[in-house]
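**Student:** Before anything else, here's the structure in question.
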C-alpha cells in the first residue's frame, strides 16, 4: 500500500508564496548550488508542518553528469531539499539566534520514482520531536501528487561562527 502524504495536498497552493527563495536563504546558511528550495507555501505552527516547492530545471549544474543524456534529479538533492525545509521550519517555529541546523541522522529513506526535468517537486515536512539542540522531521517529496521520496531527518543545532 502506498504511503499517505504528510499533509492534505489539496490545501496547498503554489501561487501563495509565504517565503520566497531570497527570504529562505536569509535564514538558512546554504548558498549558490546548494540553495535548493524555491518557495515555502505552507507553515502550520500548531501541527509543526511545512511545505515548499523546488522547480527542477533542465539547465541545472548536475544535469550534465547525472545521467548524461537522461538527467535524473539526484536523490541526495531530494534529501538535501527536505532537510532544508525541515531546518527552515524548525528555525521559524523555534528560533535560536546565532545557530544553524545540520544533519544528525537520516532514517527510513526510500526513493520511489525518478524525477526528470522539467518538474516541480513539492516537499512536505512534519515535526515529530524538537528539543533545544535536536529536531526530528518526517519528510516527503511529491511529483504530480505521487510520493517519490520519503525519509526521517534528524537535525542538530550548531552555533554559527562569526563571519
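Nothing in this text is a laboratory measurement; each read-out follows from the coordinates by a stated rule. A quick note: this is a predicted structure, and the numbers were derived from the prediction, not measured. Ideal geometry is used to build each Cβ from the backbone, glycine not excepted, and the neighbour counts take in all protein chains shown.
**Student:** Quick one: count up the residues across the range 1-13 that are part of a loop (DSSP other than H, G, I, E, B), in contact (Cβ under 8 Å) with a residue 60 or more places away in the chain and surrounded by fewer than 18 Cβ atoms within 10 Å (Cβ to Cβ).
**Tutor:** Kept after step one, since they are part of a loop (DSSP other than H, G, I, E, B), are these residues of the range 1-13: 1-8, 12-13.
Adding the requirement that they be in contact (Cβ under 8 Å) with a residue 60 or more places away in the chain leaves 2-3, 5-7, 12.
Still in the list and also surrounded by fewer than 18 Cβ atoms within 10 Å (Cβ to Cβ): 2-3, 12.
Total meeting the criteria: 3.
Conditions tested, residue by residue: (1) surrounded by 15 or more Cβ atoms within 10 Å (Cβ to Cβ); (2) closer than 17 Å to residue 85 by Cβ; (3) under 15 Å from the mean Cα position of the chain (by Cα).
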site: 28; (1), (2), (3): yes, yes, yes
site: 34; (1), (2), (3): no, yes, yes
site: 41; (1), (2), (3): yes, yes, yes
site: 46; (1), (2), (3): no, no, no
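**Student:** Looking at 64, 16, 54, which one is in contact with a helix residue (DSSP H, G or I) (Cβ under 6 Å, 6 or more places away or on another chain), more than 19 Å from residue 103 (Cα to Cα) and not in a helix (DSSP H, G or I)?
**Tutor:** Numbers: 64 fails: in contact with a helix residue (DSSP H, G or I) (Cβ under 6 Å, 6 or more places away or on another chain); 16 fails: in contact with a helix residue (DSSP H, G or I) (Cβ under 6 Å, 6 or more places away or on another chain).
Of the residues listed, the single one that is in contact with a helix residue (DSSP H, G or I) (Cβ under 6 Å, 6 or more places away or on another chain), more than 19 Å from residue 103 (Cα to Cα) and not in a helix (DSSP H, G or I) is 54.
**Student:** Which of the residues that make up the range 84-113 are within 17 Å of residue 147 (Cβ to Cβ) and surrounded by 21 or more Cβ atoms within 10 Å (Cβ to Cβ)?
**Tutor:** Correct list: 85, 86.
**Student:** Within the range 123-142, is there a residue that is free of Cβ contacts under 8 Å to residues at least 24 places away in the same chain and either surrounded by 15 or more Cβ atoms within 10 Å (Cβ to Cβ) or on the phi > 0 side of the Ramachandran plot (or both)?
**Tutor:** So far as the range 123-142 goes, yes, one or more of its residues are free of Cβ contacts under 8 Å to residues at least 24 places away in the same chain and either surrounded by 15 or more Cβ atoms within 10 Å (Cβ to Cβ) or on the phi > 0 side of the Ramachandran plot (or both).
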